[in-house]
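The next block holds one structure in the form of structure tokens; read it before the comments.
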Amino acid sequence: MAVLDPAVAEGGRPPMAMASSPQGGGAPGNGEEEAADVMKVKTGLAGGGSLAMEAAAERDKPCSMSMGSSDDMKELIEKLAAKIDDLKTSLDKLAPLAPVADHLATLTSKVVALQSSTFKKQEQVRALNLVLLCVENT
């Protein structure tokens, strides 16, 4: 997991965790204010805005897209539709081959049986050749 805060990356605690609190035995107030300032900077609220106010403002905004991104989305959807049509066409062309797939699945065992039979016949032919050589030599 990537660590965004350099203090955490170096093995230290993030600035808010180092702030003193009444439970930690430190002087309350000063460390907490520093931690709050750090959080404001990190969240972009250093200008004095409230996180709740900004969240409410974001929630109340209507969802809008710029024309550029809308056109990009439309183009992507059209490309996706074209790809789906291409895949459908490919599947339609492959559909007649589906019954052949069952035969192809059993083909491996048939090839192995044929190779075994060929090897046995080859051994018989060698034996007959040896017998013929012996008969010819006598």
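Computed from the coordinates by the stated procedures, all read-outs in this text should not be read as laboratory data. This one's a predicted model, so the numbers in the text were calculated from it and none came from an experiment. Glycine also receives a Cβ, built like all others from the backbone with ideal geometry; neighbour counts cover every protein chain displayed.
Observations, loosely collected:
- Spin-label model, Leu80/Glu136: points 7 Å from Cα along the beta carbon direction are separated by 7.6 nm.
- Leu87/Leu107 FRET efficiency (R0 30 Å; Cβ-Cβ; nearest 0.05): 0.65
- Using the Cβ of Ile77 as centre and a radius below 12 Å, the other residues enclosed give a net charge of -1, where K and R count +1 and D and E count -1.
- P(r), alpha carbons of segment 70-138 - 5 Å bins starting at zero, rounded %: 3, 13, 8, 8, 8, 7, 7, 7, 7, 6, 5, 5, 4, 3, 3, 2, 2, 1, 0, 0
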